[in-house]
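The values are calculated or read from the model by the stated rules, or taken from the named source; none is laboratory data. Note that the structure is predicted; figures quoted are calculated from it, not measured. Note: ideal-geometry Cβ built from the backbone for every residue, glycine included; neighbour counts use all protein chains shown. With ligands, DNA and RNA removed, areas are computed over all heavy atoms of the protein, side chains included. Shrake-Rupley method; radii C 1.70, N 1.55, O 1.52, S 1.80 Å.
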Amino acid sequence: MSAFSTMAAPVSLERSRDYCERLTKAYARNFYYGLRLLPAEKRASMYALYAWMRLVDDIADQEDGRDLERRMTELDAWRADTHAVLERGPEAAGAYAGRADAADLWPAFSDMARRHEVPRHVFDEVIAGQVQDLNPARFETFDELRQYCYRVAGVVGLASIHVWGFEGGAETEKLAIERGLAFQLTNIVRDIREDLARGRNYLPAEDVQRFIPGHSFESATLPAQMRELNGQYESLLRFQIERAEDYYKRSAALEQRIAPDCRPTLVAMTEIYHGILRKMARRPLRVLTNRVSLSLWSKLRIGWRALRAK
């Protein structure tokens, strides 16, 4: 299929919202459990936000044989469609044709962005983060990693509080960005094995050299290095875990700044991600061999407790 085409017949808002909910339920995992606690209108908007994020992520990451040039072309088309929809409405989409169901997204996405006045730069930042993933370069410093985390997660926190409703202006926006960074730093530690297998290393080189001088953190040599350097690897991973923990502490006031009817969702999402971080902290080296997650029962228990957070 060509990367450029004209949008087909209009999609109703109801059909679009149903599509976004189904996509979120199929792929969101930890995200979905928290969103179920939202009031219906805001829940539909968050499904739309997640669906947009999911589809742009698939352009960059889905393993389907597309080469770098095509992925970049499709990201450009996705950016053009996003701008067109934000400016003129869902009927203006049509540049991106990488998957047939993309047209089902735009009415719900347009409604979400307009209804909640989500800052438009959020969407450009997310796309910029995907471009970074397509052109992986080593992060030399944490400042470089923090900029990437802002693009792929901090702005998601910013968009989310606009959907939920909040008070406190720019100070609360900063808290939301820091909570997003806490989630992303948690993901980086949890997903380190899978990311290395795909040729992506999100650990700052300055940290690696601090704890394991003269070594690289690469999948090809990881098993041998682990046998020789378990202590150093554990120290490196514990440092990353403590950094993520610091961002949870920095953003601790966020819950009291958002609309009461959305606090259970934020509490649940935070407890799930924070719970994963705490589980990794007990045995940091397990992330090099297994994916760390919470059980379904643990997530349900978190959701039940979160309902009392209003």
query: For the range 135-190, what are the residues that are assigned to a helix (DSSP H, G or I) and charged (D, E, K, R)?
result: D143, E144, R146, R151, E171, E173, K174, E178, R179, R190
task: For residues that are open to solvent by less than 40 Å² (accessible area, probe 1.4 Å), part of a helix (DSSP H, G or I) and touching a residue at least 40 places away in the same chain (Cβ under 8 Å), tally how many sit in the range 99-124.
output: 11
query: Somewhere in the range 212-224, is a residue at pLDDT 90 or above and either in a helix (DSSP H, G or I) or crowded, with 17+ Cβ neighbours inside 10 Å (or both)?
result: no
- line: The condition of being in contact with a Ser or Thr (Cβ under 9 Å, 6 or more places away or on another chain), hydrophobic (A, V, I, L, M, F, W, C) and modelled with pLDDT of 95 or more holds, among L277, L266, only for L277
message: Going residue by residue through the range 38-49, is there one that turns out to be over 17 Å from V156 (Cα atoms) and open to solvent by less than 30 Å² (accessible area, probe 1.4 Å)?
response: no
message: Give me the residue from the range 177-199 that is of a type in the set (K, R) and crowded, with 17+ Cβ neighbours inside 10 Å and, out of that set, farthest from S235 (Cα to Cα).
response: R179
- prompt: Q147: of a type outside the set (K, R) and open to solvent by 60 Å² or more (accessible area, probe 1.4 Å), yes or no?
  reply: yes
- prompt: Residues of the range 249-259 being open to solvent by 10 Å² or more (accessible area, probe 1.4 Å) and either among the hydroxyl-bearing types (S, T, Y) or in contact (Cβ under 8 Å) with a residue 24 or more places away in the chain (or both), which ones?
  reply: R250, A253, E255, R257, A259
field: Every residue from the range 41-64 that is of a type in the set (G, A, S) and either at pLDDT 95 or above or closer than 17 Å to A100 by Cβ (or both)
entry: A44, S45, A48, A51
statement: Every listed condition ((1) open to solvent by less than 40 Å² (accessible area, probe 1.4 Å); (2) outside any loop (DSSP other than H, G, I, E, B); (3) under 18 Å from A48 (Cβ atoms); (4) at pLDDT below 95) holds for Y96 save (2)
statement: D76 fails exactly one of (1) open to solvent by 40 Å² or more (accessible area, probe 1.4 Å); (2) modelled with pLDDT under 95; (3) farther than 27 Å from L254 by Cβ, namely (2)
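Rundown of residues vs (1) on the phi > 0 side of the Ramachandran plot; (2) without any contact (Cβ under 8 Å) to a residue 12 or more places away in the chain; (3) hydroxyl-bearing (S, T, Y), yes/no style:
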| residue | (1), (2), (3) |
| --- | --- |
| G169 | yes, yes, no |
| E178 | no, no, no |
| Q184 | no, no, no |
| D191 | no, no, no |
| L196 | no, no, no |
| N201 | no, no, no |
| E206 | no, no, no |
| Q209 | no, yes, no |
